[in-house]
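**Q** Take a look at the following structure, please.
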Amino acid sequence: MSDVTLTVIIDQLRPLIAFDTRNGTGDEVACVKHLRDVLAGFRPDKLIMENVPRSRGKSDSAFVLAIWGEPKTLLNVHIDTVPSGDGWSDDPLKLRQEGERWIGLGTSDIKGAAACILAALGTVTPRDVAVLLSGDEEHGSEIMPEVIARGHLNGVARAIVCEPTSCSVGRAHRGMLAIRADFTGPGGHSSLSDSIEKPLLKAAQLAADIGAYGIANLEFGSAPYKGLCVNIGDIKGDGAYNVIPTSASLWVSMRPPPGDDVYAREAALYRLAGPYDAQMDTIVAFEPFATRDITAFTDVFKNVEIVDLPYWTEAAMLSKAGVNTVVYGPGNLEQAHRPNEYVEGAQLVTAAAHYARALSGELS
């Protein structure tokens, strides 16, 4: 097994950055087709590409799964990105270099890891391993559950989910719950507010109750995951100081710690909303994550720092499906989701070396 060079990694990364895979608007299917063609060059025993419908944003996304032998280990990267937003000093879909930094949308989160895996495949003979490159992680994570449900990962024992961990091994993270509560009323002149339904006031009262629920649970769990991270994200109405609104919306999120039950928390918030006659809609309900047996990854990640992660990943979905999973990748969380996102070349080379060991069957 030869070393993976930065030049080869960048050659793989440049076209990936050029694909517009901004969630909700970009064309993830086109990028997956490109990746299918690249993976075909490494002669997998099986190559599967399938489209998957989704309920938010654009109507479909896709995944490509390359399999060598009887896969016991899976490497997974999501190829979608967040919107680029304002503040970029150059085209976010054009990879550019500034010193040790490689700048472009998705370099850190997490197309850099996909380029590392593709580059590593050119230096090893893959053995009993699979590579899954999938979309829609940033916009609702509707692809990964479908891959699991279709049985494509049956028999896989271990997985490395690629996210920006600064080349440390992530072993746990919080879950994610997001809920919207809608309120309606007839509306009217504010002089009638003592006798007319007040949607915005109900939204504010429920927000206060949910905030109190979060405060009451500040000591729940154990370090570094104490508390529920309850957030009142937004309250909107269509009124004015002299107009009783006809509608109001409340957006709430919560991040339960590892070991907690996200669905029990969802039920608790719905109970709090009961007295307010709100129309409740759960946007996402993702469970927390904790690696089942981190010692199973020692051969690939020997002497690599092990960390607890502050953000949610699809490792939780794989773990729920019975796959022993860790999170690992190049890139820094502080660079993700921000203008002039970048990844350092040294981290790309380091990550590629670890991926090469996993691809060569050292965990099989």
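**Q** Output the number of residues of the stretch 92-101 satisfying the condition of being open to solvent by 60 Å² or more (accessible area, probe 1.4 Å) and under 14 Å from Asp20 (Cβ atoms).
**A** Initially, the stretch 92-101 is screened for residues open to solvent by 60 Å² or more (accessible area, probe 1.4 Å), giving 94, 97-98, 100-101.
Applying the additional criterion that residues be under 14 Å from Asp20 (Cβ atoms) yields 94.
So the answer is 1.
**Q** Would you point out the residue of the stretch 136-154, among those that are at pLDDT 95 or above and part of a loop (DSSP other than H, G, I, E, B), that is nearest to Ala315 (Cα to Cα)?
**A** It comes out as Leu153.
**Q** Please determine, by comparing only the residues of the stretch 222-253 that are under 25 Å from the mean Cα position of the chain (by Cα) and open to solvent by less than 40 Å² (accessible area, probe 1.4 Å), which one is nearest to Ala278 (Cα to Cα).
**A** Within the stretch 222-253, the match that is nearest to Ala278 (Cα to Cα) is Leu250.
**Q** Next question, about the same structure. Within the stretch 270-299, which residues are under 25 Å from Leu192 (Cβ atoms), outside any strand (DSSP E or B) and open to solvent by 60 Å² or more (accessible area, probe 1.4 Å)?
**A** Pro275, Asp277
**Q** Moving to a separate point now. May I ask you to list pairs of residues, at least six apart or on different chains, whose Cβ atoms are under 9 Å apart, with the first in the stretch 154-168 being at positive phi and the second being open to solvent by 10 Å² or more (accessible area, probe 1.4 Å) and part of a loop (DSSP other than H, G, I, E, B)?
**A** Gly155/Glu70; Gly155/Pro71; Gly155/Lys72; Ser166/Glu305; Ser166/Asn332; Cys167/Val304; Cys167/Glu305
**Q** Return the residues of the stretch 107-150 that are farther than 24 Å from Gly331 by Cα and open to solvent by less than 10 Å² (accessible area, probe 1.4 Å); say none if nothing qualifies.
**A** If the condition is that a residue be farther than 24 Å from Gly331 by Cα and open to solvent by less than 10 Å² (accessible area, probe 1.4 Å), then Val147 is the only one that fits.
**Q** Please enumerate the residues belonging to the stretch 295-324 that are among the acidic types (Asp, Glu) and within 19 Å of Ile79 (Cβ to Cβ).
**A** The initial filter retains those residues of the stretch 295-324 that are among the acidic types (Asp, Glu), namely 299, 305, 308, 314.
Residue satisfying the conditions is Glu314 alone.
To keep it simple, each residue is scored yes or no on (1) touching an Asp or Glu at 6+ places or on another chain (Cβ under 6 Å); (2) under 22 Å from Pro258 (Cβ atoms).
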| position | (1), (2) |
| --- | --- |
| Glu305 | no, yes |
| Leu318 | no, yes |
| Val323 | no, yes |
| Gly329 | yes, yes |
| Asn332 | no, no |
| His337 | no, no |
| Tyr342 | no, no |
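**Q** Of all residues in the stretch 30-64, how many are within 18 Å of the chain's Cα centre (by Cα), open to solvent by less than 20 Å² (accessible area, probe 1.4 Å) and not hydroxyl-bearing (Ser, Thr, Tyr)?
**A** Selection size over the stretch 30-64: 6.
**Q** Output the residues belonging to the stretch 76-91 that are surrounded by fewer than 24 Cβ atoms within 10 Å (Cβ to Cβ) and either in contact with a helix residue (DSSP H, G or I) (Cβ under 8 Å, 6 or more places away or on another chain) or more than 13 Å from Asp20 (Cα to Cα) (or both).
**A** In the first step, residues of the stretch 76-91 are kept if they are surrounded by fewer than 24 Cβ atoms within 10 Å (Cβ to Cβ); the result is 82-91.
Val82, Gly85, Asp86, Gly87, Trp88, Ser89, Asp90, listed by residue number.
**Q** When you scan the stretch 166-196, how many residues do you find that are closer than 23 Å to Met280 by Cα and either in contact with a Ser or Thr (Cβ under 8 Å, 6 or more places away or on another chain) or part of a strand (DSSP E or B) (or both)?
**A** So the count comes out to 12.
**Q** Would you confirm, using the coordinates I've provided, whether Ala267 is among the small types (Gly, Ala, Ser), within 24 Å of the chain's Cα centre (by Cα), part of a helix (DSSP H, G or I) and surrounded by 13 or more Cβ atoms within 10 Å (Cβ to Cβ)? Walk me through how you get there before you give the answer.
**A** Working: among the small types (Gly, Ala, Ser): yes; within 24 Å of the chain's Cα centre (by Cα): yes; part of a helix (DSSP H, G or I): yes; surrounded by 13 or more Cβ atoms within 10 Å (Cβ to Cβ): no.
Answer is no for this residue.
The values are calculated or read from the model by the stated rules, or taken from the named source; none is laboratory data. Predicted, not measured: the structure shown is a model, and the values here were computed from it. All Cβ positions, even for glycine, are placed from backbone atoms using ideal geometry, and neighbour counts span all protein chains on display. Heads up: the accessible areas ignore ligands, DNA and RNA and are worked out on the full protein's heavy atoms, side chains in. Shrake-Rupley method; radii C 1.70, N 1.55, O 1.52, S 1.80 Å.
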